[in-house]
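Quick note: the coordinates plus some simple rules give every number you see, no bench work behind them. Values in this document were obtained by computation on a predicted structure and should not be read as measured data. FYI the Cβ positions are ideal-geometry reconstructions off the backbone, even for glycines, and counts take in every protein chain you see.
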2 protein chains.
Amino acid sequence: MALRAKRPSLSITVWDRDSSTLGELLKRGLADRVETDPAAAVKDADLVVLCTPVATMEQLASAFAPALSGDVVVTDTGSVKLPVVDRLTPILGRRFVGAHPMAGSERSGILAARANLFDSAPCIVTPGGDASSVSLARVEEFWTALGCRLTRMTPCEHDKLVSRISHLPHALAFALMNLVLDTLPPGAQDLAGGSFRDATRVAMSDPTLWHGILTENRTEVSAALREMATLLTSMASALGEEKADSLLDFLTRAKKHRDSLPLPPPEENP
Amino acid sequence: MALRAKRPSLSITVWDRDSSTLGELLKRGLADRVETDPAAAVKDADLVVLCTPVATMEQLASAFAPALSGDVVVTDTGSVKLPVVDRLTPILGRRFVGAHPMAGSERSGILAARANLFDSAPCIVTPGGDASSVSLARVEEFWTALGCRLTRMTPCEHDKLVSRISHLPHALAFALMNLVLDTLPPGAQDLAGGSFRDATRVAMSDPTLWHGILTENRTEVSAALREMATLLTSMASALGEEKADSLLDFLTRAKKHRDSLPLPPPEENP
């Protein structure tokens with residue numbers, strides 16, 4: 001939808017495992033051609049974008065790799081990058097450049113699509129050591145055309161970064177929801193105000209997708225979870241010991257930096 | 001503003017420590033009378049609503065208590081109830097019935113006001129053992145008139161409840177912001193998507209106010225923080241031991257219950 005809006009002259013071919021989604025895309029004019037065979041879908045492509053769960057990408061790339069023409073470039077949207085780069089580079093070689101657009105919401109499916117999803121959204125591009133400079137340039141051009149603000153880093157740097165700014169907030173949302181269920185009388189959550197609703201919004205995300213993401217990035221996510229556990233325990237200790245000044249400093253520092261976050265793109269949470 | 005909109009015939013008197021706020025209220029037609037002396041403000045009142053930080057309420061109630069007429073009723077909006085009921089009951093007696101409307105946001109001040117703030121918002125009413133049934137009825141009538149959905153519980157039950165559904169989400173927001181600052185390169189937070197922004201939104205709240213709330217409810221908040229730390233540590237262990245099924249069940253349960261939360265009131269986060 002974003003590509004149609006920003007580059008209407010491009011020809012778009014879509015593969016999906018679900019043929020009803022493909023029919024809907026044609027009906028809405030969002031695809032010029034649809035395919036149920038991955039190899040047929042990439043025929044004559046200049047650029048291929050893998051937008052499936054990370055666990056599916058290796059099998060899919062193996063299925064379409066033989067059909068790729070000489071100079072086609074491949075990118076992806078996976079939320080974890082080291083496993084993706086490690087698995088896809090042997091299959092795709094210099095043509096593959098991983099990426100992670102930091103956009104989307106707890107919703108999924110075609111009804112959650114919007115053309116301005118990527119406007120001003122950060123996109124992290126993570127070229128592996130094998131990626132060619134031509135592939136890198138073409139992939140960065142693609143994400144820039146969609147409206148993203150680009151940042152380049154290694155797959156390792158990416159996985160550490162997103163474990164703290166994306167995977168940890170998701171894990172906290174799921175955990176907070178379950179903690180309330182386990183420690184309060186039934187229905188207590190219905191009395192919650194906006195802070196609980198916002199803190200748990202992404203617990204509406206697809207559990208299977210997030211189980212895959214947390215598991216693929218298990219080393220960094222485990223570290224982030226343990227760091228958070230340590231921080232919460234030290235807050236509890238500060239409260240018990242009435243270390244008033246240190247707790248106030250802690251809260252004040254958080255507010256100062258939260259206040260200075262860039263403004264979100266429009267319609268972030270429709 | 002809500003009272004003006006829902007009960008335009010009522011006469012509203014406002015006390016505030018800040019005289020510029022009082023001038024602004026008169027200018028906007030939101031108060032019929034303003035006072036800088038608490039005792040003068042409660043003269044001829046039928047109902048008094050204390051809307052200050054919890055730490056200020058005892059001193060304020062002592063200042064105006066001698067000026068209250070015979071059957072005036074007093075309620076409050078404090079986020080912690082046991083300390084408030086314990087401190088105000090000796091001063092105000094049977095006329096006091098504490099309440100906690102679960103509304104508001106990280107913003108404060110007159111520019112953050114909106115008339116529909118309380119529409120469908122939960123309001124927890126926490127009568128102490130001394131409160132008269134007349135006082136309780138009048139206070140519940142007041143919050144119902146503003147549009148709230150009422151729930152009645154003891155101050156202790158309230159403090160445990162809000163420690164998990166409100167104070168913990170706030171503590172997590174402050175902690176997550178600081179964790180990102182401490183574990184990632186400078187500026188990393190600017191790459192965050194909506195999950196981080198929503199998870200940290202309430203870290204924009206007033207640190208002094210929240211330091212007061214967390215400290216007043218320290219026993220329950222400490223317990224909630226330690227429960228969360230334990231839960232996060234067990235998630236980290238599950239990831240390390242590749243207990244795939246248990247983690248997926250954990251995420252699925254959270255999603256199921258988050259999906260069934262009541263819809264938020266309109267314009268919750270303007």
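Structural remarks
- Across chain B: Cys residues that no other cysteine approaches within a C-beta distance under 4.7 Å: B:51, B:156
- Each of B:236, B:214, B:158 was placed along the dipole of chain B (beta-carbon charges, centred on the mean Cα), and the one lying farthest toward the positive end is B:158.
- Ordering A:180, A:202 by the number of other Cβ atoms within 10 Å of each residue's own Cβ, fewest first, gives A:180, A:202.
- Dipole magnitude for segment A:205-266: computed about the Cα centre from +1 point charges on Lys and Arg Cβ and -1 point charges on Asp and Glu Cβ, it is near 120 debye.
- When A:166, B:108, A:9 are arranged by Cβ crowding within 10 Å, least crowded first, meaning fewest neighbours, the order is A:9, B:108, A:166.
- Label 7 Å beyond Cα on the Cβ vector: residue A:263 copy-to-copy distances, nm: 2.8
- Per-residue HN-Hα couplings for segment B:16-29 [Karplus 6.51, -1.76, 1.60; θ = phi - 60°; Hz; x = Gly/Pro]: 8, 6, 9, 5, 6, 5, 4, x, 5, 5, 5, 4, 8, x
- Pseudo-label separations to other copies for residue A:230 - Cα-to-Cβ vector, 7 Å, nm: 2.1
- Each eigenvalue of the Cα gyration tensor of chain B, multiplied by 5 and square-rooted, gives one semi-axis; in descending order these are 38, 21, 18 Å.
- Two-site label geometry, residue B:245 and residue A:94: point separation in nm, points 7 Å out along Cα→Cβ: 4.8
- About the Cα centre, charge dipole magnitude for chain B (Lys/Arg +1, Asp/Glu -1 at Cβ), debye: 440
- Residue among A:60, B:184, A:89 farthest towards the positive dipole end of the protein assembly as shown, charges placed on Cβ: A:60
- Copy-to-copy label separations for residue A:108, where each label sits 7 Å from Cα toward Cβ, in nm and ascending: 4.1
- Expected 222 nm ellipticity per residue - DSSP helices of 4 or more, -39500 (n - 2.57), all of chain B, to 500: -15000 deg cm²/dmol
- Stokes-Einstein diffusion for the protein assembly as shown, with the hydrodynamic radius set to the Kirkwood value over Cα pairs and evaluated at 37 °C in a medium of 0.692 mPa s, equals 128 µm²/s.
- Candidate aspartates and glutamates - alpha carbon under 12 Å from residue B:27, same-chain residues fewer than 8 apart omitted: none
- Segment residue B:3-residue B:28, length gained on full extension (0.36 nm per residue, minus Cα span): 7.6 nm
- The lysines within cross-link reach of residue B:160, meaning a Cα-to-Cα straight distance under 18 Å and a gap of 8 or more places when in the same chain, are B:81.
- For the protein assembly as shown, a simple Cβ point-charge model (Lys and Arg +1, Asp and Glu -1, everything else neutral) yields a dipole of about 660 debye relative to the Cα centre.
- Ranking B:101, A:174, A:34 by how far each Cα lies toward the positive end of the dipole of the protein assembly as shown (charges on Cβ) leaves A:34 at the top.
- Between residue B:137 and residue A:252, the FRET efficiency estimated from the beta carbon spacing at R0 = 51 angstrom works out to 0.75.
- Sequence of A:165, A:12 once ranked by neighbouring C-beta atoms within 10 Å, starting from the fewest: A:12, A:165
- Cut-off 16 Å (backbone N to label point 7 Å along Cα→Cβ of residue B:230), residues of segment A:195-234: A:229-230, A:232-234
- For segment B:1-95, trypsin sites (Lys or Arg not before Pro) are listed when DSSP marks them as loop and at most 11 other Cβ atoms sit within 10 Å of their Cβ; the list is B:17.
- Taking B:60, B:82, B:181 as the candidate residues, the one with maximal mean-square fluctuation in a Gaussian network model of chain B, Cα springs under 10 Å, is B:181.
- Residues with amide H under 5 Å from that of residue A:149, placed H, sequence gap 5 or more: A:120, A:121, A:123
- Within the straight-line cut-off of under 20 Å between alpha carbons, the lysines reachable from residue A:255 are A:243, sequence neighbours fewer than 8 places apart in one chain being disregarded.
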